[in-house]
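Below is one structure, written out as structure tokens, with a few remarks after it.
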Amino acid sequence: GVRLDLQDSHRFDARFGLTSRLYLGHAEYAERSNYGETFWCISGQDNGCHFEERADSGWLGVEQRLGIDWFKDARALTTVGYDLRLVLFDSHPADYTDLVTGALPTLSLPNPLDASFLGAEFAQQVYTPWYWLALNLGARLDIAGSFGVHLSPRAAVVLTPRRGTVVR
């Protein structure tokens, strides 16, 4: 697979900063296997089967994050942003051939081809009242045609009792 990320950060002042990211990628999957057990094969392939499958996927996305340092000392940091992504998927029909005769099955197998759009909004607040304690509260709202709307909240308490030790 191939992946490319381009990122740019801009500080407006000591309190506000914007990070923008453009990313894209491509991945391929392929499998070739011989199965002697008929439960892996298409009905009627009683000698076992040779299985071949191939799929390609690609994505293109943009993400922007606005960071706010409320007191200009990293004690209260807010991050809000969004992520928009186009995902393409193409799976070539799997080939099942009889392991001994090489005969193809009589049924046709599907060729999944899909283009989908994914979107997300996210927000996070980190408050560090003392150097050894940080409180983190955030949420991400994902929106996609394939799985609908999904909210993922999160919270964490981070203790740093000594240098190099973190308890989350």
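The values are calculated or read from the model by the stated rules, or taken from the named source; none is laboratory data. Keep in mind it's a predicted model, so treat the numbers as computed, not measured. As a convention, Cβ positions derive from the backbone with ideal geometry for all residues, glycine included, and neighbour counts pool all protein chains shown. Heavy atoms of the whole protein, side chains included, go into the accessibility calculation; ligands, DNA and RNA do not. Shrake-Rupley method; radii C 1.70, N 1.55, O 1.52, S 1.80 Å.
Within the range 80-108, the set of residues being touching a Lys or Arg at 6+ places or on another chain (Cβ under 6 Å) and farther than 29 Å from Ala120 by Cα comprises His92 only. Within the range 79-122, if we keep just the residues that are modelled with pLDDT of 90 or more and of a type in the set (A, V, I, L, M), the residue that is farthest from Gly138 (Cα to Cα) turns out to be Leu88. In the range 10-46, which residue that is polar (S, T, N, Q) and surrounded by 13 or more Cβ atoms within 10 Å (Cβ to Cβ) is farthest from the chain's Cα centre (by Cα)? Filtering the range 10-46 for residues that are polar (S, T, N, Q) and surrounded by 13 or more Cβ atoms within 10 Å (Cβ to Cβ), the one farthest from the chain's Cα centre (by Cα) comes out as Gln45. Checking each residue in the range 133-168 for being over 24 Å from the mean Cα position of the chain (by Cα) and open to solvent by less than 100 Å² (accessible area, probe 1.4 Å) picks out Leu133, Ala134, Leu135, Val157, Val158, Leu159, Thr160, Pro161, Gly164, Thr165, Val166, Val167.
The single condition among (1) under 26 Å from Ile143 (Cβ atoms); (2) at pLDDT below 95; (3) basic (Lys, Arg) that Arg21 does not meet is (2). Scanning the range 88-103 turns up one or more residues that are of a type in the set (Phe, Trp, Tyr), over 20 Å from the mean Cα position of the chain (by Cα) and open to solvent by less than 80 Å² (accessible area, probe 1.4 Å). Of all positions in the range 57-79, none carries a residue that is open to solvent by 80 Å² or more (accessible area, probe 1.4 Å), part of a strand (DSSP E or B) and farther than 29 Å from Phe12 by Cβ.
I want to confirm something. Restricting to the range 105-129 and keeping residues that are within 20 Å of the chain's Cα centre (by Cα) and closer than 30 Å to Lys72 by Cα, which single residue is least open to solvent (accessible area, probe 1.4 Å)? For the range 105-129, the residue satisfying everything is Ala120.
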